[in-house]
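Engineer: Below you will find the structure I want to go over with you.
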């Protein structure tokens, strides 16, 4: 599947999601930076929710809910469900509580919650968060254990580590010029091949759906690719650098590295493909 998005089109003004951290000591996230591309970041949660084949779930948990906007996508699909949002950012949860005070919000990391949780939910949902959580071989069975009979575990993650926009930030940080300038190794996310997730869930689930969607973002130039990643993938790199001047230099080098890979189209714009992996497992 391939979807085309034009930044700035106000298709979904009320539900902007955040790609979020859920187990590490991570960078400080800027919701304003993230929401510069609100529509593009929201669409995967809408696509995932639309595919969940459960008519009337009573209890839903949104793991890595951020400010509650992905939870709002769930609420529009199932307005009668009891909703819980979980995130480890107090600031994001404060925004969520302000926007939706009647829903339940919990401050917790996904990994710790999965280890300690004893509740069950009809839908265990996670939008663009699990790639920040390590050890998926342990995590996924624990998340599925929280699914009630007849329910589903549904999640999506970026799956673009081989693309230049992801690969080059890692190569740059590991280069001879840059690796000694980091105060600590930057935390990066990781996803596995689809077959790994199938093998983890197949012994547990009655039915599994797996798919990829290639979203193609239309940007004014490669500078907007940098701005896109400053909202999610780049903050751990930037906060591992010692000062603002060094961060600005890293961003300049990153821009120079990616620019040849994203040539301008005849109208002057550039295209950034962005692949995401989706999974739904039913109990």
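Please treat every number below as a calculation from the coordinates, not as lab data. On a predicted model such as this, the values are computed, not experimentally measured, just so you know. Note: ideal-geometry Cβ built from the backbone for every residue, glycine included; neighbour counts use all protein chains shown.
Engineer: Roughly how tilted is helix 244-258, in degrees to the nearest 10 and between 0 and 90, from the longest Cα axis of the chain?
Structural biologist: Approximately 90 degrees, to the nearest ten.
Engineer: Scale the Cα Rg of region 217-274 by the rule-of-thumb value 2.2 N^0.38 Å and send over the ratio, two decimals.
Structural biologist: The value comes to 1.19.
Engineer: Given a Förster radius of 25 Å and the C-beta distance between residue 118 and residue 80 as r, what FRET efficiency does 1/(1 + (r/R0)^6) yield to the nearest 0.05?
Structural biologist: 0.55
Engineer: So what's the angle, to the nearest 10 degrees on a 0 to 90 scale, between helix 90-99 and the longest Cα principal axis of the chain?
Structural biologist: The helix 90-99 is inclined about 60 degrees to the chain.
Engineer: Spin-label point model (7 Å from Cα, Cβ direction): what's the residue 244 to residue 271 distance in nm?
Structural biologist: Result: 3.8 nm between the two label points.
Engineer: If you don't mind, there's one more thing I want to ask. How high is the relative contact order of the chain, in percent, counting Cα pairs under 8 Å that sit 6 or more residues apart?
Structural biologist: On the way: 535 pairs, mean separation 67.2, N = 283.
Worked out over the chain, it gives 24 percent.
Engineer: Let me ask you something else. Identify which of the listed values of volume of the Cα convex hull per residue in Å³ was calculated from the structure shown: (1) 126; (2) 187; (3) 136.
Structural biologist: Computing volume of the Cα convex hull per residue in Å³ and matching it to (1) 126; (2) 187; (3) 136 gives (1).
Engineer: Also: Let me have the 222 nm mean residue ellipticity of the chain computed from DSSP H runs of 4+ only, each contributing -39500 (n - 2.57), with the sum over all residues rounded to the nearest 500. Can you show the working numbers first?
Structural biologist: Working: 11 runs with 102 residues, N = 283.
When only DSSP H runs of four or more count, the value is -10500 deg cm²/dmol.
Engineer: For region 75-226, list log₁₀ I(q)/I(0) at each q in 0.10, 0.21 Å⁻¹, using the Debye formula over Cα point scatterers of equal strength and ignoring solvent, two decimals each.
Structural biologist: For region 75-226, the Cα-only Debye profile gives -0.49, -1.42.
Engineer: For the chain, give me the percentage of DSSP beta bridges that are antiparallel, rounded to the nearest 5 percent.
Structural biologist: Given both bridge residues lie in the chain, the antiparallel proportion sits at roughly 50 percent.
Engineer: How far, in degrees from 0 to 90, does helix 164-174 lean away from the longest principal axis of the Cα atoms of the chain, to the nearest 10?
Structural biologist: Computed tilt is about 70 degrees.
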